[in-house]
Structure formats: structure tokens, C-alpha cells
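Have a look at the structure below, then the notes.
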Amino acid sequence: MSEVRIRDFGWRHAGRRAWAVRGLDLHIRHGERVLLLGPSGAGKSTLLAALAGLLPEDSGEAEGTIEIDGLEPRKARDRTGIVFQDPQTQLVMARSGDDVAFGLENRGVPAAEIWPRVSDALDRVGFPYPINRPTAALSGGEAQRLALAGVLALRPGLLLLDEPTANLDPPGAALIRDAVARATGADTTLIVVEHRVAEALELVDRVVVLEPGGGVRADGSPDVVFTAYGDRLAAEGVWVPGFSIPPVKATSTPTTDVVRVTSAAVTGRLDPVSLTVRDGEVLAVTGPNGVGKSTLALVLGGLTAPDTGQVRVTGDHRPPHRWRAATLAGRIGSVFQNPEHQFVTGRVADELALGPRRLGRSPAEIRRIVDDLLDRLRLTRLADANPFTLSGGEARRLSVATALATAPRLLVLDEPTFGQDRRTWRELIGLFAGLRDEGHAIVAVTHDEDFVRTLADRTFPLGAPDPQPLPRRSRP
């Protein structure tokens, strides 16, 4: 286990005026299990990256100190493990077993110990495939399990988790929490960032709330922190247990089909699916990890062609994957599971201007659209920031804003509420509800049960339960 001491720490990304985190003093003792809270953009992910020694000196400005067992973070990497918000960023090998073994081999673990530890770690996270499963074939949730297995196999003294269950179905999330609980005994110090507070409480014995702009707002046991600060934290966006949100349902009945899918399938990724989406409704696509929800979103968005079956948008005899790029951007807006996969410029404002410019809008129209979206999605202060330096919640809001910039009739959203605090979540829900009432059709792939309960007019459950884990007795 490891001890963490943070003294007056601050970090500002290159090219940014505001500090991501500043004036932070914190002492985390050996074996403590800490839940790190704060509104989206309060610096939680930045702090985890700093603890893992992953903030390059030339990528920003630092102040203060961080020590892990008396060492600065870069020299303590061999005792620290981190799982990122986007697990795809830490998968490095073509086969799943090799990916878990990669860190062990780099650490010089004896060869005879590596594969038993790989198999044990995969079993603990409920990874449902053999070790030769291609990492490129994994869903977001499956990749999250694999990334956690790779970290647990290293048996770190300090375990850092950034939204470890965000892309998982409820059974998978429960399995991950159980695996973390068993992995964080007396030998492991745990720091976890998790917006869904109620589910994370079973893992922790201490809550630390970061103050946006600098310092620590609250620090203590969960009961003490939520009793003293619960109302204020909920008002500022923290998902405090016990604060429910009323449903926001459609005010009228949908009448017109916007898109019709008939027996569409993608070999090895999506079994045949038939569904209809209507104007003025929110359709939630649910189901366990790995059944093809994200693939269905790509098919609906015209970004992947089905191998069999067809997709037809009302008013056009051609399938959307055969449309010109400008036509597609103006009629269907897509938000990917990983926001960074759709960013192509170096400024937030430029990202929002891209779609309207492609549609031939005038400079004045583009400025109006960009300014409106920056304001509606709470991104105005980040207009000049590089999209790749945003927090997970900020990046998600930007990806939603880019899809809205061309005012498409159909919106296809993959995990649209991932990484949001309570305040920005409610704002997104309100935004989607307003678009629905204006006649837009919205398809949302989601594991967010609150999203389904609050906003969805219909649900489309996709697929069957995850397959059971297969034996992994030896390296293939």
C-alpha cells in the first residue's frame, strides 16, 4: 500500500488561462479508500493523471508537490496503477491476454508467474472471452474490464480509477465494483472518481470534494460529508444519494417515421435488428455490453454499412451510408462513445464551426450558432481551449454540441450522459427534451438508468446476457 501527500499542488494545461486544479493540500494514508468528488471540470481527472506521473512537464505549468511514499510520481510508477475514463487509450496489444501480460512483462515478473496472474485478473473482472480475443473486437464496456484487469494484475500499492463503471451495464458494473473491493484490501490505497456516488460508497471510507478553482471543499466520512454539505453539493452538481430528478416526458404523440431499420446486421458485431424511430421521441437502446449497441448507433448514423438488411430515412431512397458527407451532417448528428474520436481541430470554437461551415452557412450564422452552443453547453470559457485537454464531462458536452451544430432531424447518441455531474446532466436532459418537443428524433445508446427513467419515451432492449467466462488455462 502507498501513502500520498499533496502540498499546494496546481496544474494548468498549456494554452489555458484557468488552472485545472490549484492550491490542493491532501494527505491520504496507507490503505485508505477515497472517493474524489466535485463538479465536472473541477480537476479530478487531472489530479489522477498527476498522481500517476502522466502530466508531461512540457504540456503545462505545475506548482506545489506530490509525493507517493516519499517519491515524486514519475519515480513511483512501479507502485501505481490507473484506469482511465477512456479504456481504449491504454490498450496496447492486439490480443486481450497479451494486453494484460504487457505490464507484467515490463515490470520483469518471472515468466512462470505471468499467465496465472493474467488468468486470475481476467476472471476477477468477469472478462467473458478467452485470452486470444482481439482487443479491436471489444465493446467499450469490455475494454473497460480488460483495462482494469491489466492494472489489477500488477498488484499496485496505489490504485487510481477514473469512472471505472461508466460504460458498463448494471451487472457488469456490480462485478467491477466487487473486483475492486476484493483487490483493495489492507495492501492497496484506493482513489476513485465516480459520478454515480451511491454505487461507489461501498468501496470507500472517505470522501474528498474538490473546490472548483482550487482547494478542498469537504473531507471526511461519507455520512459526515453528505450530512453537512449534501444540499449544497447537489445544487452544484454532485450526485448526492437521495436527490431524485422528476421525469421529463414528451408532450405530444409521435406520428411520422424518421428512420426504419429492417433486419440490419453487421457480421460479428450486430445480429439482425429491426426498429422504427419517429419524430418527437427519445428511443433508448439498452442491453448488456458486447451485444452491438454502438455498432447499431453507427449503422443508424450512416457511418457503417450493414452487411445485410437495410436502413431507410424517410424521404430518401438511398441508405444513409451512401449519402454525401455534407448531406449526412445536415440530416443525422452522431455522438460517439469516445468523444475524442470525433474531434478534428485545435479549438473548441472551431470544432463547433466545422459542421455549419461544411453546410455553407455564412460567417455571421456560424458565429451565432457557435456562441449559442457554447452558452447552452457551458463551454464559453473553453472556446479557445484544445478539445483534447478537456475533462471527460466537458468533452462529452462538446461532442453533443458538434452534433447539434447542423440542427439535424435525427440525433444518434452513444452514452450521451457519460462523465456528467448532476447539474450538467440535468442541462443535457433539458436540452434533449427541448429538441424532442421541436420534433427531432433522438436515439440514445445508454447504460444510464436515470436517463431512461427520466427522458426515454420508448426503450429497445438489444441482445442477451453476457456469455459466461471461458477457461484460460494456458497461453495460446
Which loop-located GluC sites (Glu not before Pro) does the stretch 405-458 contain, where loop means any DSSP state but H, G, I, E or B and the Cβ has at most 14 other Cβ atoms within 10 Å?
Glu438
Taking a ≥ b ≥ c as the square roots of the eigenvalues of the Cα gyration tensor, with a/c under 1.5 meaning rounded and otherwise prolate when a/b exceeds b/c and oblate if not, the stretch 161-206 is prolate
Could you list the square roots of 5 times each eigenvalue of the Cα gyration tensor of the chain, that is, the equivalent ellipsoid semi-axes, sorted largest first and rounded to whole Å?
36, 28, 21
Can you tell me the 0 to 90 degree angle between the C-alpha axis of helix 111-124 and the longest principal axis of the chain, rounded to 10?
50
Whole number please: convex hull volume per residue of the Cα set in the stretch 257-461, in Å³?
114
Ranked from fewest to most other Cβ atoms within 10 Å of their own Cβ, Leu158, Leu296 fall in the order Leu158, Leu296
Counting helices only, and only those DSSP H runs with n ≥ 4, report the 222 nm mean residue ellipticity of the chain as the sum of -39,500 (n - 2.57) divided by its residues, in deg cm²/dmol to the nearest 500.
-10000 deg cm²/dmol
Going by how many other Cβ atoms sit within 10 Å of their own, how do Ile245, Ile82 line up, fewest first?
Ile245, Ile82
Counting other C-beta atoms within 10 Å, and keeping those with at most 14, which DSSP coil trypsin sites (Lys or Arg not before Pro) do you find in the stretch 77-133?
Arg107
Cα-based Debye curve of the stretch 44-189 sampled at q = 0.11, 0.12, 0.13 Å⁻¹ gives log₁₀ I(q)/I(0) of -0.41, -0.49, -0.57
Expressed in angstrom, Rg and Dmax over the Cα atoms of the stretch 55-114 are 14.8, 43
Quick check on the exposure proxy: order Thr184, Thr267, Thr417 from fewest to most C-beta atoms within 10 angstrom.
Thr267, Thr184, Thr417
Rounded to the nearest Å, the spacing of the alpha-carbon centers of the stretch 385-444 and the stretch 39-98 is 27
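Throughout, read-outs are computed from the coordinates displayed, never taken from laboratory work. None of these values were measured; they are calculated from a predicted model. A quick note on method: Cβ atoms are made from the backbone with ideal geometry, for glycine too, and the neighbour counts reach across all protein chains shown.
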